[in-house]
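Quick notes on the structure that follows.
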Amino acid sequence: MAQRSQDKQATGVPVVTDPTKIRNVVLVGHSGAGKTTLVEALLAATGTIARAGSVTDGNTVCDHDPAAVRQQRSVSLACAPLVHDGIKVNLLDTPGYADFVGELRAGLRAADAALFVVSAVDGMDAATAALWEECAAVDMPRAVAVARLDHPRADFDEAVALCQRVFGDNVLPLYLPMLGDDGVSTAGLLGLITRRVFDYTDGLPAQVREPDPEHLPAIAESRNELIEGIIAESEDETLMDRYLGGEEIDADLLVEDLEKAVARGHFYPVVPVCAATGVGVDALLEVLTAGFPSPPEHALPAVTGVDGSPRPPLTCDPDGPLVAEVVKTTIDRHVGRVCVVRVFSGTLRPDQTVHIAGHGLAERGHPDHDADERIAHLYSPLGATLREVGVAVAGDICAITKSGSAETGDTISAKEDPLLIAPWEMPEPLLPVAIVARSRSDEDALARNLARLVAGDPTMRLERNPQTHQLVLWCMGEAHADVILDRLRAGGVELDTEPVKVALRETLTAPAAGHGRHVKQSGGHGQYAVCDIEVEPLPRGAGFEFVDRVVGGAVPHNYIPSVEKGVRAQLERGLLAGYPVVDLRVTLVDGKAHSVDSSDAAFQTAGALALRDAATKGRPALLEPVDEVTVRVPDGSVGTVLGDLSGRRARVLGTEPDPESEGRTLVRAEVPATELLRYAVELRALTAGAGTFRRHFVRYDAMPEHLADQIRKEHA
C-alpha cells in the first residue's frame, strides 16, 4: 500500500465520474499539529499547486480566511482536491482549536475517512483523543500521520507510543524514520513490509535501496509486530498458522490484507511525514488512495421526505435520486454566497433546478425553509479558488454559488422528489457576547451581515433578548467570538461589545398591605383615585393573580380593571432594580372615588402607587434563573471541576460514569445563570480543553442579599 513512489505531475481540475475513484479524507488534530502545512505538501507533491505555501507567510491554500491569516491558525473548513494514481482525493482541512468544532463536524460529515495528524513535538490534546472515540463508535476508517519530524525536539517513537496508549490496539507504524548523516535530521524512511529504504536526500521521488546493516534490527523488531497485527485482521484464518510456522508471507498479500483492514476501520497505520522536506509524503498518498475506502463503501446518512415520511436508505449511485448536503457556506465579497456541497446520491449538473430544504434549526436562527432554485454553475473548490466543472457525481464534493436560500446543513434534492437528510450533531454555543451598533446606519449593516453569518455558521446562535433588550451572539468560545466580530467589522459595521445582562426577576417574600392615593387639582377636572391592596407571595412559577374583594362599591366596578392595569404596569417596570415582578397575588380590598375627578388613568396610577407602597413592607427580593448543568470531564478533572462549581454557588446533584465514554465522568449540578456567563471558557482552561457541558433552565431562585444589594445600587 505504501511503498510505491509517484512522479510529480500536474493534474489540472480534477473531475471524475466513477465514485470508486474518489476518496474524501478529513484531517483532524490539535491546533499547531501541522495539518494545513501537510495539505500544502500533498498538493505540491501531486502538482496541484506549483509550490507549497507557508502558514507564517499567510499564503496557504486552506487558510485563506483573513482571520486565519492574522491568527496563523485555521478557523474554518477548507477543501483541497488532488489526484494521485488516478484517484481524486478531496482533502478536508479542519481547524484544531476547540472553538471551531462546528467546522470539524462539517468536515466529518463530508468525509469517508479521517487522517489524524499528531505532532512529533507536542503530542496531542484531549479533544483529539475524544474525537478518536467518536470515529470508533461509527467505525470510520482512520490513519495517523506523525508530522513535524524536522523539529529539533521531534520524537517519533514517543509520538507512536502516545498514540498506542490513547488510541488503543492496531495503531502501528508502516515505516520508521531514518536519520541523515548529521544524526539529527530525518533523511528517509525504513519500509517495514518491503524491508527497503526510501531515501529523500535528493527530494521527491524517494530513492529506493536496500537497508544498511545497522537498520536491520530496528526493522525486524517493528516488522514482526506490524505483520502480526495485519494477520490478526486478515480474513484468511490460515495466515497466522503459516506465519507462526516460519513461512515468509508475501509482501503483496500483506499489503492487500492491510488495505482491507484499514478500509473496514479495524487497523490504523501510522506514517511518519515531514511536510517541509517531503519525507513520507508519497507514502502517505498511498495510504490515502489505496487504504481508505471509496464513497460506495461508506454508510450514508438517513433521509426522509420533507414532511418526515420514511424513505429507503441511500446508496452512492450516480444514477440514483439526487441527494446532496451543504456542509459549508461562506459569503464572498465578489461572488456572493458560496456553498460547499457533498453529493451523496445522484448527479449534480449545471443549469439543473433543484429543491433546497432546511429543517430543525429554528432555535438557532435558521427558520425552516423550502425553495426551488436553478444551479447555474458547478465548481471544484481549491481553498478559496473556484474552478468550474461540468458535473459532480455521487461521492464527490463541489461548490455552488449565488444561491438565494442555501445554508449550512441544508439538503439539495430533486425538484420532483424533495428529500431531507438527517442533520449532523451540532454543538451548542455557550458563550454569550452582547453587541451594539454605534449608529443607526450601522444597525442596518449589522442586520445584513448577521443574516449572512447565521446562514454559514450553525454553531452561532443569534438572540434578541426582549427582557434585557440586548442583541446577544452565542458563540463556542472567545476565539470564535473574535472571528465573528472581525467578520462583522470587515463587512463595514462599527460595533461595540457590552456586558451581558441576565434576565432577573423580582418578587415579595412576605405579605403586605399597600395604600395608593392619587389626588390632583389643577383647575377644571382634577384627578382622584384611592385604593388599598393586600399583597402575598405565591409559589415559584405561579405567576400573577389579581383578586377583587371590594365591598359596598368603594371602588366603582368600571375602575377595578384600571387598578389591575396599573398594578400590572408596575409589575413590568419592577420595584427594586427594574426587573419584572412575578409570583404575587394582589387583592383589591378598598378605595375611594370621586364622581367627577375619578378616571381610568387616575386609578391606574393609584394601583401602581399602592403596589410600590406594599413593596416597602413586603421584603422585596431579586430572583435569578438557575440552570441544570451536565459537565462531561475526564476522571482526573472531577475534583477540580467540583471545587470550581462550589465557588459558583452550585448545588451538586451527583456524579456518575459517562456511559458513552470510558474514563470520563458526568457531573450534574444546579448553577445560577449569572455564574455561567464565561463558563465555556473557564471549563476549557480547567480541563485542558477536555471538558464540555450542557445547560437548560430549571427555575428562578432568590439571589443572595449581598449580590442583590449590589444590583440595586447599580440600578439606582
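Could you list, in sequence order, all residues of segment 202-221 that are in a loop (DSSP other than H, G, I, E, B), surrounded by 13 or more Cβ atoms within 10 Å (Cβ to Cβ) and not small (Gly, Ala, Ser)? If the condition is that a residue be in a loop (DSSP other than H, G, I, E, B), surrounded by 13 or more Cβ atoms within 10 Å (Cβ to Cβ) and not small (Gly, Ala, Ser), then LEU204, PRO205, PRO211 are the ones that fit. Keeping to segment 546-561, report how many residues are within 56 Å of the chain's Cα centre (by Cα) and either closer than 7 Å to ASP583 by Cα or open to solvent by 70 Å² or more (accessible area, probe 1.4 Å) (or both). Matching residues across segment 546-561 total 2. If you check ALA614, ALA621, ALA702 for being over 26 Å from the mean Cα position of the chain (by Cα) and buried (at least 21 other Cβ atoms within 10 Å of the Cβ), only one passes: ALA614. Taking the options THR655, THR665, name whichever one is open to solvent by 30 Å² or more (accessible area, probe 1.4 Å) and at pLDDT 90 or above. That would be THR655, the only listed residue that is open to solvent by 30 Å² or more (accessible area, probe 1.4 Å) and at pLDDT 90 or above.
Picking from residues in segment 641-652 that are open to solvent by less than 70 Å² (accessible area, probe 1.4 Å) and in contact (Cβ under 8 Å) with a residue 40 or more places away in the chain, the one that is farthest from THR692 (Cα to Cα) is ASP644.
Given the structure, is THR509 among the β-branched types (Val, Ile, Thr) and over 16 Å from ALA437 (Cβ atoms)? In short, yes. Has segment 97-109 got at least one residue that is hydrophobic (A, V, I, L, M, F, W, C), within 25 Å of ALA422 (Cα to Cα), open to solvent by less than 20 Å² (accessible area, probe 1.4 Å) and modelled with pLDDT of 90 or more? Checked against the condition, which is being hydrophobic (A, V, I, L, M, F, W, C), within 25 Å of ALA422 (Cα to Cα), open to solvent by less than 20 Å² (accessible area, probe 1.4 Å) and modelled with pLDDT of 90 or more, segment 97-109 yields at least one hit.
In a residue-by-residue description of segment 355-377, the property of being at pLDDT 90 or above, crowded, with 18+ Cβ neighbours inside 10 Å, in a loop (DSSP other than H, G, I, E, B) and touching a Gly at 6+ places or on another chain (Cβ under 9 Å) applies to no position.
In segment 611-716, counting only strands (runs of 3 or more DSSP E) that sit wholly within it, the ones holding 1 or more residues that are in contact with an Asp or Glu (Cβ under 8 Å, 6 or more places away or on another chain) and under 19 Å from LEU431 (Cβ atoms) span 620-634, 664-672, 692-702. Every listed requirement among (1) in contact with a Pro (Cβ under 6 Å, 6 or more places away or on another chain); (2) outside any helix (DSSP H, G or I); (3) closer than 26 Å to ALA113 by Cβ is met by ALA263 save one, (2).
Contact map, segment 142-158: first residue under 17 Å from LEU189 (Cβ atoms), second residue in a loop (DSSP other than H, G, I, E, B) and open to solvent by 60 Å² or more (accessible area, probe 1.4 Å), Cβ cut-off under 9 Å, separation 6 or more or different chains; pairs are ARG148/ASP122; ARG148/ALA276; LEU149/ALA276; LEU149/THR277; ASP150/ALA276; ASP150/THR277; ALA154/ARG148. Beta carbons closer than 6 Å, at least 6 apart along the sequence or on distinct chains, pair a first residue in segment 542-555 that is of a type in the set (A, V, I, L, M) with a second that is open to solvent by 50 Å² or more (accessible area, probe 1.4 Å) and part of a strand (DSSP E or B) for ALA554/ASP590.
The set of residues from segment 222-248 being within 24 Å of PRO295 (Cα to Cα), among the acidic types (Asp, Glu) and either without any contact (Cβ under 8 Å) to a residue 12 or more places away in the chain or open to solvent by less than 70 Å² (accessible area, probe 1.4 Å) (or both) comprises just one member, GLU233.
Return the pair list, or none, for Cβ contacts closer than 9 Å from residues in segment 365-379 that are touching a residue at least 12 places away in the same chain (Cβ under 8 Å) and on the phi > 0 side of the Ramachandran plot to residues that are small (Gly, Ala, Ser) and surrounded by fewer than 18 Cβ atoms within 10 Å (Cβ to Cβ), at least 6 apart or on different chains. Short answer, once both residue conditions are applied: GLY365/ALA451. Here the condition is being touching a Lys or Arg at 6+ places or on another chain (Cβ under 7 Å), on the phi < 0 side of the Ramachandran plot and touching a residue at least 40 places away in the same chain (Cβ under 8 Å); of VAL171, VAL117, it holds for VAL117 alone. Taking ILE331, is it surrounded by fewer than 18 Cβ atoms within 10 Å (Cβ to Cβ), over 21 Å from VAL15 (Cα atoms) and of a type in the set (Val, Ile, Thr)? Spelling it out, ILE331 is indeed surrounded by fewer than 18 Cβ atoms within 10 Å (Cβ to Cβ), over 21 Å from VAL15 (Cα atoms) and of a type in the set (Val, Ile, Thr). The set of residues from segment 291-346 being of a type in the set (Gly, Ala, Ser) and either part of a loop (DSSP other than H, G, I, E, B) or farther than 19 Å from ALA406 by Cα (or both) comprises GLY291, SER294, ALA299, ALA302, GLY308, SER309, GLY320, GLY346.
Are any residues in segment 587-602 over 16 Å from VAL551 (Cα atoms) and either at pLDDT 95 or above or in contact with a His (Cβ under 7 Å, 6 or more places away or on another chain) (or both), and if so, which ones? Scanning segment 587-602 gives VAL596, ASP597, ALA602. Comparison of VAL547, VAL502, VAL555, VAL551 shows that the only residue that is in a loop (DSSP other than H, G, I, E, B) and in contact with a Ser or Thr (Cβ under 6 Å, 6 or more places away or on another chain) is VAL502. When segment 523-544 is filtered for residues that are of a type in the set (D, E, K, R) and in a loop (DSSP other than H, G, I, E, B), only ARG540 remains.
Only a single criterion out of (1) surrounded by 15 or more Cβ atoms within 10 Å (Cβ to Cβ); (2) over 23 Å from the mean Cα position of the chain (by Cα) is not satisfied by ARG438, namely (1).
For segment 562-602, the set of residues classified as assigned to a loop (DSSP other than H, G, I, E, B), closer than 16 Å to ASP532 by Cα, of a type outside the set (S, T, N, Q) and open to solvent by less than 70 Å² (accessible area, probe 1.4 Å) consists of ALA593 only.
Within this structure, THR94 fails the test of being modelled with pLDDT of 90 or more and open to solvent by 10 Å² or more (accessible area, probe 1.4 Å). Among the residues making up segment 627-637, those that are touching a residue at least 60 places away in the same chain (Cβ under 8 Å), open to solvent by 10 Å² or more (accessible area, probe 1.4 Å) and of a type outside the set (D, E, K, R) are THR630, PRO634.
In this entry, ASP457 is excluded by the filter for residues that are in contact with a strand residue (DSSP E or B) (Cβ under 7 Å, 6 or more places away or on another chain) and either of a type in the set (Val, Ile, Thr) or over 29 Å from HIS594 (Cα atoms) (or both).
Out of ALA283, ALA251, ALA261, one residue alone is under 21 Å from ALA120 (Cα atoms) and in contact (Cβ under 8 Å) with a residue 12 or more places away in the chain. It is ALA283.
The values are calculated or read from the model by the stated rules, or taken from the named source; none is laboratory data. Bear in mind the structure is a predicted one, so any value in this text is a computation, not a measurement. Positions of Cβ are generated from backbone atoms using ideal geometry, with glycine treated the same way; all protein chains shown enter the neighbour counts. In case anyone asks, the SASA skips ligands and DNA or RNA and just uses the protein heavy atoms, side chains included. Shrake-Rupley method; radii C 1.70, N 1.55, O 1.52, S 1.80 Å.
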